[in-house]
Amino acid sequence: MPAPAYESVASPPACPQPLHDDPSPADCAAFFAPGLGASLAPPQTGGGEYLKTYPLTDDRTDPTADRAPTPPGPHPLWRLGLAALAGTVGALLAGGVGGPLGVLCLAPLAIALVMDQGRQIAAGAGLSIAAAAVAAVGQLLGVALPPPPPPVALGLGLLGLAVIVMTLGSGLILGRRQVLAQEVRRDEETARLTRLLAGQPHLLVALYPHGKVRALYGRAPEGVDPDVLIQQGLTAVAAQGEPVAEALRAAAAEGRAEVAFAPVTAQDRWIAVTLRRAEDDLLLAVLRDATTDHAREASLDQARIDAETLAAGKSRFLANMSHELRTPLNAIMGFSDIMRSRLFGPMPDKYGEYSGLIHEAGSHLLDLINDVLDMSKIEADRFELSREPFDAREAVSAALRLMRLQADGAGVQLRGILPAGALEIDADRRALKQIVLNLVSNALKFTPKGGAITVTAHGFEGVFELVVADTGVGISPEDLERLGRPYEQAGDNDRRAMGTGLGLSLVRSFAELHGGEMTLESTLGEGTTVTIRLPVLLPPVAAAAATPSPNVVELHPLR
């Protein structure tokens, strides 16, 4: 039988209990891979067998694979019954149960012993007793023939005894042949299983919870010395043994664990270990070389770190460029505004038109730059909220007034629903105004002429809620999952060209900076609703029933 690649010589014996006094490679094979032709089984009464084998056959080579099934023979009880009848008749023909052929009444028991089956042995014993009883009764009733003369009786007695002895002897011979054939098949299956275990690419180890090895099979990964593993345990082959010891304790307590380590003799390698608890004091481990996987993961982690560093550097650069970008653009817009208003005298109409276009383009560019810079500050963790108590209706009304002309130009009805009383919140005024501007501007891009946009603001239980609903084209479920992330846009190319894809991302970021959230609901062809909830509502003041600020446009719910 081929030997395993490595076999532990540690004490106690390499294989788990219960085993033979001298554990064999077959026992270890059965212990390691019960699914590959053997299974763990408790010792059987009388035999003490640990290995339970199943045929590992191949239909292409098994000569019995295509053999026709053997037709069933007579039932064993019929055989025992015929033997009992023959024994009874023989005894009656030779003077009864005490005659020279009375021994034939034991024929059913002898045949049952040859068959070596529990039920048949019991049936054979019963039939033998019945045959002897019938022969005795027949002898008492005078049915049996008189005994033969002594010389003939001696011959018949020897003949009957020879029949029983030959029956038992042939049965023992056949039984021994069957046992030998089973042992040969078991040895062949064990040898094949041993070859499979020794040839598989990983190292299978049975060990105690403290790491001492009981047995091992297979090929040791590069960098793992089998002799050190057997003599000193699993923790000794790892450059850092504490993680391995912790994994052993976790596997013993929880039933499973995984750990990876660099071996002592080859620290450029990486060994992955999977641990499973088989018994209270027994762990099974699979050791495999994971150097390639570890290198791939390290490379992916490094790529992720590089990308995050690059993105953070970009965000920091843009955040630091705030003054340099805004200052010249503000100068362009200021001078174009002076030219457009003809502050220093008249100028040709064409130049006045050009100055108006310059001012409009500068305003659009400034809005885009502000979005990019705000998002860069947020990504770089350098955006700070300027929180103060104020009436939320003022910021919402100011944003609606700014968007009114744009909505009228697009032929879209813009309306606001604000409470009649003050809506005091503790938040960043500019951020709230920017939220309303971004949401309304976004709604205008997706709402066709004749549609409507409704902005609703109210408070409840310490939460300020802002809802912007439109009757536009809606957003597909695929786009809905992406929106809210920086530079993600929905709609066709014409609509995407109208912005940077930062509007909703800024709204979400402003809401999260206030400890709130943004939710999107949309149906294609029916419109979109964006809800902002901020936990910034201040408790009402009893004396706050004063006249509303002149900057607030009072809009009441529609009837």
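The values are calculated or read from the model by the stated rules, or taken from the named source; none is laboratory data. None of these values were measured; they are calculated from a predicted model. Neighbour counts are summed over all protein chains in view; Cβ atoms, including those assigned to glycine, are modelled from backbone coordinates with ideal geometry. Surface areas here come from the heavy atoms of the whole protein model, side chains and all, with no ligands, DNA or RNA. Shrake-Rupley method; radii C 1.70, N 1.55, O 1.52, S 1.80 Å.
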Check: Somewhere in segment 164-173, is a residue surrounded by fewer than 19 Cβ atoms within 10 Å (Cβ to Cβ) and under 29 Å from the mean Cα position of the chain (by Cα)?
Finding: no
Next item on the list: Give the residues of segment 246-265 that are more than 17 Å from Leu203 (Cα to Cα) and either buried (at least 18 other Cβ atoms within 10 Å of the Cβ) or of a type in the set (Lys, Arg) (or both), sorted by residue number.
Entry: Ala247, Arg249, Ala251, Ala252, Arg256
Notebook entry, point to check: Residues that are modelled with pLDDT under 80: which helices (runs of 4 or more DSSP H) entirely in segment 309-420 hold 2 or more of them?
Noted result: 322-340, 349-379
Item checked: Filter pass, Gln200 being farther than 22 Å from Thr292 by Cβ, surrounded by fewer than 21 Cβ atoms within 10 Å (Cβ to Cβ) and polar (S, T, N, Q) -> no
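Here's the yes/no breakdown for (1) touching a residue at least 60 places away in the same chain (Cβ under 8 Å); (2) closer than 26 Å to Ala295 by Cβ; (3) in a helix (DSSP H, G or I):
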{"position": "Arg185", "(1), (2), (3)": "yes, no, yes"}
{"position": "Arg195", "(1), (2), (3)": "yes, no, yes"}
{"position": "Ala206", "(1), (2), (3)": "yes, no, no"}
{"position": "His210", "(1), (2), (3)": "no, no, no"}
{"position": "Pro221", "(1), (2), (3)": "yes, yes, no"}
{"position": "Val224", "(1), (2), (3)": "yes, yes, no"}
{"position": "Gln231", "(1), (2), (3)": "yes, no, yes"}
{"position": "Arg249", "(1), (2), (3)": "no, no, yes"}
{"position": "Ala252", "(1), (2), (3)": "no, no, yes"}
Check: Does Arg276 satisfy being at pLDDT 90 or above and not in a loop (DSSP other than H, G, I, E, B)?
Finding: yes
Check: Can you find even one residue in segment 426-447 that is at pLDDT below 90, assigned to a loop (DSSP other than H, G, I, E, B) and not polar (S, T, N, Q)?
Finding: no
Next item on the list: Any residue in segment 90-108 that's crowded, with 23+ Cβ neighbours inside 10 Å: show its pairings with residues that are of a type in the set (Ser, Thr, Tyr) at Cβ separation under 6 Å, as long as the two are six or more apart or on different chains.
Entry: Cys105/Ser128; Leu106/Ser128; Pro108/Ser128
Next item on the list: Filter segment 431-441 down to residues that are over 18 Å from Gly516 (Cβ atoms) and either open to solvent by 10 Å² or more (accessible area, probe 1.4 Å) or of a type in the set (Phe, Trp, Tyr) (or both), then give me how many there are.
Entry: 1
